[in-house]
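Everything on this sheet refers to the single structure shown next.
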2 protein chains.
Amino acid sequence: MPKTIEITELILRDAPQSLMATRMAMEDMIPACSDLDQAGYWALECWGGATFDSCIRFLNEDPWERLRTFRKLLPNTRLMMLLRGQNLVGYRHYEDSVVERFVEKTAECGMDVFRVFDALNDIRNVRSSIAAVRKAGKHAQGAICYTVSPLHTPAGFVEVAKKLLDLGCDSICIKDMAALLKPQPAFEIVKGIKETCGQDVPVHVHVHATTGVTMVSLMKAIEAGADCVDTSISSLSLGPGHNPTESLVEMLEGTGFETRVDRRKLLKVKKYFNTIRPRYREFLSNITGVETEIFESQIPGGMLSNMESQLKQQGAANRIEEVLAEVPRVRKDAGYPPLVTPSSQICGTQAVFNVIMGRYKVLTGEFADLMLGYYGETIGPRNPEVAGMAAKQTGKAPITGRPADLLKPEWQDLRTAAMALKGCNGSDEDVLTYAMFPQVATKFFATREEGPRNLGKDPKAPAAAAAPAADSGKGPAKAPITYDVKMNGHTHRVTVSPA
Amino acid sequence: MPKTIEITELILRDAPQSLMATRMAMEDMIPACSDLDQAGYWALECWGGATFDSCIRFLNEDPWERLRTFRKLLPNTRLMMLLRGQNLVGYRHYEDSVVERFVEKTAECGMDVFRVFDALNDIRNVRSSIAAVRKAGKHAQGAICYTVSPLHTPAGFVEVAKKLLDLGCDSICIKDMAALLKPQPAFEIVKGIKETCGQDVPVHVHVHATTGVTMVSLMKAIEAGADCVDTSISSLSLGPGHNPTESLVEMLEGTGFETRVDRRKLLKVKKYFNTIRPRYREFLSNITGVETEIFESQIPGGMLSNMESQLKQQGAANRIEEVLAEVPRVRKDAGYPPLVTPSSQICGTQAVFNVIMGRYKVLTGEFADLMLGYYGETIGPRNPEVAGMAAKQTGKAPITGRPADLLKPEWQDLRTAAMALKGCNGSDEDVLTYAMFPQVATKFFATREEGPRNLGKDPKAPAAAAAPAADSGKGPAKAPITYDVKMNGHTHRVTVSPA
């Protein structure tokens, strides 16, 4: 009897995040939901990560509404979200009661599986959220950020897995956001977890495709005992995205492993997203092939396009190679953090600053905090010279305790501030939205009534198609754009010009 | 001690053939030669396949001159060519003395390794060419066309390998032109060959990337004992092309296998072809992701774009799905040939005819010949009804012997005919060029003096970049094009309009 390998499908969250800067509108996902729900996945990842931010920043979509809609349209499949531990879906640490409220509300809206990670693999930063998930009676999946450094070893990752299980996690995920996980370590880590923590501990493996090696890593992880792997339907796969679901299914034929997904459903979903993808061409990643240089720079897929766009804004698009070379130095100075949100942005932006302004001439506030322990502990020691500059520049002292312990109860203040905003509906969800992104939420509450904005639904698409190809600048359209906006069942044609 | 896995690099032949319709000009390959030569490959595949045809049909390049140039620029690495057995690099069977002369001249021009295959795996069709390679003192590699059908089994492929070794082959290649080779059969076939034919028989594996599973197949083939694998530098890889060389190198880290190529040289070559690729955008394959539907249709990468263009010429581009569904039926009727040049074209074109004109309303001459045994034996019986139609339409009787045995000595006639042509230089090479493609050669001899035509060197490139993207029609430009043509050291600007 072949062992059944389960699949978590990424096409509703991480695939559009990695390939089209998280710009896909809910409207464009809805038509695929029925087939996805019936395809036989272990879970559909559909929320969290950067989607919360993107919903209110770019799409004028209420993220909570998006989640409720998914729950309605996907009644037969587990919904999964990616939660950044004490950061939730924001970019700072939140006080424990906010963490608990966020998880509780998310569970209420229909979330089944919370994949929880901390960018530094600092276990203290995931403790509260995992406890909250357990309290809500949902599946807590502890994720280990995979990275490569002189200090990271398979045995070390197994240690992290043990600690996550001690916190009560229902399963473990090896999360390889930069496609750095090669076949041999994939095999060794999965085997190590199974041998050390028990063969019955469910192990999931999440890899990106950027380096072209991780399909093989999935195979070796499966051979080592992995139970579930993350893939994405082929029409939104590869490059900085993920390995194609259909290929994973075919690959296993005859190997003693098999999946239980319905190939015909996958094909329908593939064809559907083939029609959607070109509409977001302005946001598509420049990278379509493989990039093995990432084994040096370690920049994750989702970060590369952001970094390119930062450089372009500075008129320094041609200095990407220098920045890629600077990132590993910055990372070493910071004690070898894995590079994943937010540490990828923090180290990436500091590397951009170092290249443009001279090394550590200017520290970003976030990088200073990272150097002073305000994001948690790193595996390696931090460069004391740079830490000294951070302390001097910010006037802050370095810390060694759990960062969230420094925070005072903040829920009431957040509620009061949110309630004062025009358009805030007074719900806990709105308070949480405000808590995540105070400035963006303020704008969003004021415009929410206008309804979702679909950046892919551009009536000027044929003209856009004639724009210069792959090597040209990406980014939001400069010219006025006309949208069809549905509001209370009526469709309004709205023309939007950038301010 | 890790076992060293050797690599055959495909970027000079099969990669441009699969990804840009064999249109890359020699001029654009020359700058990469020095790095390729020093990178540490087992071989550089650089000639044969469709390059001979393309050189004289589209590029006004003398293919023999191309080969001599490669030899000069690549003094340290084996040169490999792909030879279609009794078809050589043409599309019909040649009489044995032509086969021998072709191999002899090719060896003289500097070829080291002849990868010889027959589209039907009919061993009688490779006997003469393998004997000729041995006579010339060169490396004869017998290639088995991998395919999937109710009749094909790993044991059957091992049998073919045995027969190839009995002919005196120095090595065996498993040739998977359509990316159908899944990991498990890859493992079983390589293991079978090693166990049955000897562990010291060098086994090479050639796979395309189209289905997204074959990087894993390479890993499993290596685990089973494969000695050398075929890959292509990442900037010309994936889609209907091949797995990226750099990824293969990285993938093996820590597995007990390693390569001996120089990563820095690979990176230089990658960057170079990144600059060349966009210049051929008109010829680039529409397919950039993966296509697992090929497990049904079995159309190899190189064939897909041709078939799309055939349909477009008939104004039936929208019927590609019907054709893809028809190909397996045509193939079954033909006794399950592998689909590779020329059987892929023959079955593919017949499928196009069947869809457009009704099933078997019109048989192409080639398909009739295939049904009557004029290409050799197929693994399965051919549909007698369709074979009857073929006999009736052509007035030919079915045959069971070696097709080339029907041919009379033809060298003198070919020589006489070639010599009569304007521009023929009287060399054996020119006679062979004429023998391969009489009509195209006639035109080529007349225009050869004008020197190579570089279809990627288009001064109107910025305008071309503004053409509609991925889903638009591909093909040669319709408007007049200006070329810089080098002739006897002088550069002439020439404007060419299609007739």
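Is it the case that B:ARG115 is crowded, with 24+ Cβ neighbours inside 10 Å and basic (Lys, Arg)? So B:ARG115 fits the description; yes.
Each row is one residue, and each column tells you yes or no for (1) part of a helix (DSSP H, G or I); (2) buried (at least 21 other Cβ atoms within 10 Å of the Cβ).
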| site | (1), (2) |
| --- | --- |
| A:ASN274 | yes, no |
| A:TYR280 | yes, yes |
| A:GLU322 | yes, no |
| A:PRO328 | yes, no |
| A:LEU339 | no, yes |
| A:GLN350 | yes, yes |
| A:VAL362 | no, no |
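Contact map, region B:220-243: first residue more than 10 Å from chain A (Cβ to nearest Cβ), second residue of a type in the set (Phe, Trp, Tyr) and part of a loop (DSSP other than H, G, I, E, B), Cβ cut-off under 7 Å, separation 6 or more or different chains; pairs are B:CYS228/B:TRP42.
Scanning region A:58-94 for residues that are in contact with a strand residue (DSSP E or B) (Cβ under 6 Å, 6 or more places away or on another chain) and polar (S, T, N, Q) yields one hit, A:THR77.
Within region A:394-441, the set of residues being assigned to a helix (DSSP H, G or I) and surrounded by fewer than 16 Cβ atoms within 10 Å (Cβ to Cβ) comprises A:THR394, A:ASP405, A:LEU406, A:GLN412, A:ASP413, A:THR416, A:MET419, A:PRO438, A:GLN439. Condition check: modelled with pLDDT of 95 or more, aromatic (Phe, Trp, Tyr) and closer than 20 Å to B:ARG71 by Cβ. Does B:PHE117 satisfy that? Considered against the rule, which asks whether it is modelled with pLDDT of 95 or more, aromatic (Phe, Trp, Tyr) and closer than 20 Å to B:ARG71 by Cβ, B:PHE117 comes out as no. Of all the residues that make up region A:233-255, how many are part of a loop (DSSP other than H, G, I, E, B), in contact with a Ser or Thr (Cβ under 9 Å, 6 or more places away or on another chain) and not small (Gly, Ala, Ser)? Number of matching residues: 6.
Here is a yes/no grid of residues against (1) surrounded by 24 or more Cβ atoms within 10 Å (Cβ to Cβ); (2) at pLDDT 95 or above; (3) over 20 Å from B:GLU250 (Cα atoms); (4) β-branched (Val, Ile, Thr):
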site: A:MET215; (1), (2), (3), (4): yes, yes, no, no
site: A:LYS220; (1), (2), (3), (4): yes, yes, no, no
site: A:CYS228; (1), (2), (3), (4): no, yes, yes, no
site: A:THR231; (1), (2), (3), (4): yes, yes, yes, yes
site: A:LEU236; (1), (2), (3), (4): yes, yes, yes, no
site: A:ASP262; (1), (2), (3), (4): no, yes, yes, no
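Residue count for region B:234-280, restricted to those that are among the acidic types (Asp, Glu) and farther than 15 Å from A:THR210 by Cβ: 3. Among the residues of region B:118-139, those identified as assigned to a helix (DSSP H, G or I), in contact with a strand residue (DSSP E or B) (Cβ under 8 Å, 6 or more places away or on another chain) and surrounded by 21 or more Cβ atoms within 10 Å (Cβ to Cβ) are B:SER129, B:ILE130, B:VAL133.
The numbered conditions (1) charged (D, E, K, R); (2) more than 10 Å from chain A (Cβ to nearest Cβ); (3) closer than 20 Å to A:MET219 by Cβ; (4) surrounded by fewer than 24 Cβ atoms within 10 Å (Cβ to Cβ) are all true for B:GLU250 except (2). Say whether the condition of being touching a residue at least 12 places away in the same chain (Cβ under 8 Å), part of a loop (DSSP other than H, G, I, E, B) and out of contact with any Ser or Thr (no Cβ under 8 Å at 6 or more places or on another chain) is met by at least one residue in region A:42-56. No, every residue in region A:42-56 fails to be touching a residue at least 12 places away in the same chain (Cβ under 8 Å), part of a loop (DSSP other than H, G, I, E, B) and out of contact with any Ser or Thr (no Cβ under 8 Å at 6 or more places or on another chain).
For beta carbons closer than 7 Å, sequence separation of 6+ or different chains, a first residue in region A:327-338 that is closer than 11 Å to A:THR378 by Cα and a second that is surrounded by fewer than 22 Cβ atoms within 10 Å (Cβ to Cβ) and charged (D, E, K, R), the qualifying pairs are A:ASP333/A:ARG382; A:ALA334/A:ARG382; A:GLY335/A:ARG382. For B:GLU258, the conditions (1) away from every other protein chain (no Cβ under 11 Å); (2) free of Cβ contacts under 8 Å to residues at least 60 places away in the same chain all hold with the exception of (2). For beta carbons closer than 6 Å, sequence separation of 6+ or different chains, a first residue in region B:196-217 that is in a loop (DSSP other than H, G, I, E, B) and a second that is among the hydroxyl-bearing types (Ser, Thr, Tyr) and surrounded by fewer than 24 Cβ atoms within 10 Å (Cβ to Cβ), the qualifying pairs are B:PRO202/B:SER171. The single residue among A:ALA186, A:ALA178 that is outside any loop (DSSP other than H, G, I, E, B), buried (at least 24 other Cβ atoms within 10 Å of the Cβ), more than 10 Å from chain B (Cβ to nearest Cβ) and within 22 Å of the chain's Cα centre (by Cα) turns out to be A:ALA186. With the condition kept exactly as written, say whether any residue in region B:69-80 is closer than 22 Å to B:HIS242 by Cα, free of Cβ contacts under 8 Å to residues at least 40 places away in the same chain and among the aliphatic types (A, V, I, L, M). Checked against the condition, which is being closer than 22 Å to B:HIS242 by Cα, free of Cβ contacts under 8 Å to residues at least 40 places away in the same chain and among the aliphatic types (A, V, I, L, M), region B:69-80 yields at least one hit.
The values are calculated or read from the model by the stated rules, or taken from the named source; none is laboratory data. Quick caveat, the model's predicted, so the values are computed rather than measured. Reconstructed Cβ throughout: ideal geometry from the backbone, glycine too, with neighbour counts over all protein chains shown.
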